[in-house]
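Asker: The following block contains the structure, expressed as structure tokens.
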Amino acid sequence: MSKIALTPSQNLTRGARVLTGCVAIAALAACGGNKDRPRADLAASQVTTIGVNSYLWRAALEAVSFAPLLQADSNGGVIVTDWYANPSNPGERVKMTVTILDQDLRADALRVAASRQVAQGGGWVDAPVQAATVQKLEDIILTKARDLRRKAIS
């Protein structure tokens, strides 16, 4: 039987291939049936079957449920309400837009914008919205989302 002589560079290439193959086999073997793996956390901050975080989405829908909805896009994470006038103050109305920006349950994944109008001379005139009002609505949504997550854990 004759022996084929390999050059040093061919030996190096062959050795690299063998080493790569061994590493791949070891990695696949590590994937085997380890029954002590932790179970998936159903209440993780990134739970979503829609385009955005489902806890934030449900909490936002609940928080603005007093107003009629114009648009609710769960994939884009946008909720837009129609104008809402509180029956105890019919001379003022508000319109809100809630945007969920991420799949994580985080405070910076939520943005709320509001418009306010007051009745004046038989029509509606734009009026400023207090920043505290928008901040309060964001806090309500975040608190509800965290509560929904806590309930999912227990």
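The values are calculated or read from the model by the stated rules, or taken from the named source; none is laboratory data. In this text the structure is predicted, and so the values were computed from the model without any measurement. Cβ: placed from backbone, ideal geometry, glycine included. Neighbour counts: every protein chain shown. These accessible areas exclude ligands, DNA and RNA; they are computed on the full protein's heavy atoms, side chains included. Shrake-Rupley method; radii C 1.70, N 1.55, O 1.52, S 1.80 Å.
Asker: Can you tell me which residue in region 94-109 is most open to solvent (accessible area, probe 1.4 Å), limited to those that are hydrophobic (A, V, I, L, M, F, W, C) and outside any strand (DSSP E or B)?
Answerer: Looking at the filtered set, the residue picked out is L101.
Asker: Restricting to region 121-131, name every residue that is modelled with pLDDT of 95 or more and loosely packed, with under 12 Cβ neighbours inside 10 Å.
Answerer: G123, V125, D126, P128
Asker: Could you check region 71-83 and list, in sequence order, the residues that are of a type in the set (A, V, I, L, M, F, W, C), assigned to a strand (DSSP E or B) and either over 19 Å from I141 (Cβ atoms) or open to solvent by 40 Å² or more (accessible area, probe 1.4 Å) (or both)?
Answerer: Within region 71-83, A72 is the sole residue that qualifies.
Asker: So, one more: Tell me whether region 61-69 contains one or more residues that are under 19 Å from D147 (Cα atoms), among the hydrophobic types (A, V, I, L, M, F, W, C), modelled with pLDDT of 95 or more and assigned to a helix (DSSP H, G or I).
Answerer: yes
Results for (1) open to solvent by less than 40 Å² (accessible area, probe 1.4 Å); (2) small (G, A, S); (3) without any contact (Cβ under 8 Å) to a residue 40 or more places away in the chain; (4) touching a helix residue (DSSP H, G or I) at 6+ places or on another chain (Cβ under 6 Å), shown as yes or no for each residue.
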position	(1), (2), (3), (4)
R111	no, no, yes, no
A114	yes, yes, yes, yes
V118	yes, no, yes, no
T133	no, no, yes, no
K136	no, no, yes, no
D139	no, no, yes, no
K144	no, no, no, yes
A152	no, yes, no, no
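Asker: Next up: With the structure loaded, tell me whether T13 is polar (S, T, N, Q), at pLDDT 55 or above and loosely packed, with under 13 Cβ neighbours inside 10 Å or whether it fails that test.
Answerer: Spelling it out, T13 is indeed polar (S, T, N, Q), at pLDDT 55 or above and loosely packed, with under 13 Cβ neighbours inside 10 Å.
Asker: Would you check if there is a residue in region 84-93 being basic (K, R), open to solvent by 60 Å² or more (accessible area, probe 1.4 Å) and outside any helix (DSSP H, G or I)?
Answerer: No: region 84-93 contains no residue that is basic (K, R), open to solvent by 60 Å² or more (accessible area, probe 1.4 Å) and outside any helix (DSSP H, G or I).
Asker: Also: From the list A114, A107, which residue is within 17 Å of R146 (Cα to Cα) and small (G, A, S)?
Answerer: A107
Asker: Checking R150 against (1) more than 21 Å from F66 (Cβ to Cβ); (2) assigned to a helix (DSSP H, G or I); (3) touching a strand residue (DSSP E or B) at 6+ places or on another chain (Cβ under 7 Å), only one condition comes out false. Which one?
Answerer: Going through (1) more than 21 Å from F66 (Cβ to Cβ); (2) assigned to a helix (DSSP H, G or I); (3) touching a strand residue (DSSP E or B) at 6+ places or on another chain (Cβ under 7 Å) one by one, R150 breaks only (3).
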